[in-house]
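Worksheet: the structure to be examined is printed underneath.
The values are calculated or read from the model by the stated rules, or taken from the named source; none is laboratory data. Just so you know, these numbers come straight off a predicted model, no measurement behind them. Note: ideal-geometry Cβ built from the backbone for every residue, glycine included; neighbour counts use all protein chains shown. The protein model used for the area step is the full one, side chains on, heavy atoms only, and it has no ligands, DNA or RNA in it. Shrake-Rupley method; radii C 1.70, N 1.55, O 1.52, S 1.80 Å.
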Amino acid sequence: MPYIRHELIAALNSSLISQRYSPVVVRNYCTYASGFLDYLGQRGILVADVIDVQVEQYLRHAIVKFEKERGRRPGARWHEVPLGIHALLRLARSQWPPAIEPICAADVARFAVCDEYEIWLREERGLARSPASRR
């Protein structure tokens, strides 16, 4: 795992630099992602098997750890931590967040309408595909 961890962090670093992120953001995102990989390694979870609930659990764990180490709550910039983790997961898994699977007929219908609307926006209105998930 340490070798794979090192490769993932190096790939994240290269990816962020190629996207022209600032050096400070690159360093911070890699630090956040590294902490998340440590957390996964301690629990025997592979990056390929991560689900969004585990990211939330890690963030709660990281806040508790931060408070114990520093005696205070994290600052206002704490919202940046998930961004580094999500960048890592997009790189490692090619899709993050994972697509939501429909669980009932209403979901199937709603997702179909959203898909058709997205196609209409691209083809008729000439809009670019949104990086944000519709679900």
Report task. Kindly identify the chain as rounded, prolate or oblate by the Cα gyration tensor criterion: order the square roots of the eigenvalues as a ≥ b ≥ c, call it rounded if a/c is under 1.5, otherwise compare a/b with b/c, prolate if a/b is larger, else oblate. Result -> prolate
Requested in this report: Keeping all protein chains in position, work out how much accessible area Ile17 exposes to a 1.4 Å probe, and write it in Å² to the nearest 10.
Outcome: 100
**Report entry** Size of electric dipole in the chain: Cβ of Lys, Arg +1 and of Asp, Glu -1, about Cα centre, debye, nearest 20
**Finding:** 660
Query raised in the report: How much of Arg73 can a 1.4 Å solvent probe reach, expressed as accessible area in Å² and rounded to 10?
Result: 150
Report summary line: Averaged per residue, the 1.4 Å probe accessible area of the stretch 18-135, protein heavy atoms only, in Å², is roughly 70
Query - Phi-based couplings in Hz for the stretch 5-13 (Karplus 6.51, -1.76, 1.60; Gly and Pro marked x) - result: 4, 4, 5, 5, 5, 5, 5, 4, 4
Query raised in the report: Rounded to a whole number, what % of the accessible area of the chain do carbon and sulfur atoms account for, probe 1.4 Å?
Result: 56
Report summary line: A chain fully extended from Arg90 to Leu127 at 0.36 nm per residue, minus the present Cα-Cα distance, gains in nm 11.0 nm
**Report entry** Top of Ala109, Ala92, Ala11 by mean-square fluctuation, Gaussian network on the chain, Cα under 10 Å
**Finding:** Ala109
Query raised in the report: When the solvent-accessible surface of protein heavy atoms is calculated with a 1.4 angstrom probe, in what order do Ser94, Ser34 fall, highest first?
Result: Ser94, Ser34
**Report entry** Expected 222 nm ellipticity per residue - DSSP helices of 4 or more, -39500 (n - 2.57), all of the chain, to 500
**Finding:** -23000 deg cm²/dmol
